């Protein structure tokens, strides 16, 4: 599973944030690693340099072998919380999709 990290000009893509995001995705989506070819993380700060609530946005897109990509988005007060929320949503979506495939 390849993991690609993207951020807008308002987000400082630090090594710590990259390592946190990569580790979280690898751990949380490990049971789907055979089906996922690539995961893309897109982080942005919707308010720019202003302070605001839930202004950090994380969109995570998973590309599954032989299927259309799945994308989820989460907003939070910190970048880490937004990544965690988006990965949690993605994991739920993947469980539903793979569960449906097994039932067919």
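The values are calculated or read from the model by the stated rules, or taken from the named source; none is laboratory data. Keep in mind that what you see is a predicted model, and the values were worked out from it rather than measured. Positions of Cβ are backbone-derived with ideal geometry, glycine not excepted, and every protein chain shown enters the neighbour counts.
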Residue that is surrounded by 15 or more Cβ atoms within 10 Å (Cβ to Cβ), within 16 Å of residue 74 (Cα to Cα) and modelled with pLDDT of 90 or more, where the choices are 29, 43 | 43
Test for residue 36: is it within 12 Å of the chain's Cα centre (by Cα) and either surrounded by 11 or more Cβ atoms within 10 Å (Cβ to Cβ) or at positive phi (or both) | no
Residue 55, sole failed condition from (1) crowded, with 17+ Cβ neighbours inside 10 Å; (2) touching a strand residue (DSSP E or B) at 6+ places or on another chain (Cβ under 9 Å); (3) closer than 28 Å to residue 68 by Cβ = (3)
Those residues of the stretch 1-26 which are surrounded by 13 or more Cβ atoms within 10 Å (Cβ to Cβ) and over 26 Å from residue 51 (Cβ atoms) amount to 1, 3, 22, 25, 26
Could you list all residues from the stretch 45-69 that are under 12 Å from the mean Cα position of the chain (by Cα) and more than 13 Å from residue 2 (Cβ to Cβ)?
-> 57, 58, 59, 60
Scanning the stretch 1-33 for residues that are under 17 Å from residue 69 (Cα atoms), over 11 Å from the mean Cα position of the chain (by Cα) and in contact (Cβ under 8 Å) with a residue 60 or more places away in the chain gives 32
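Would you confirm, using the coordinates I've provided, whether residue 94 is touching a helix residue (DSSP H, G or I) at 6+ places or on another chain (Cβ under 7 Å) and crowded, with 18+ Cβ neighbours inside 10 Å? Spell out how you get there, then give the answer.
Details: touching a helix residue (DSSP H, G or I) at 6+ places or on another chain (Cβ under 7 Å): yes; crowded, with 18+ Cβ neighbours inside 10 Å: yes.
Against the criterion (touching a helix residue (DSSP H, G or I) at 6+ places or on another chain (Cβ under 7 Å) and crowded, with 18+ Cβ neighbours inside 10 Å), residue 94 qualifies.
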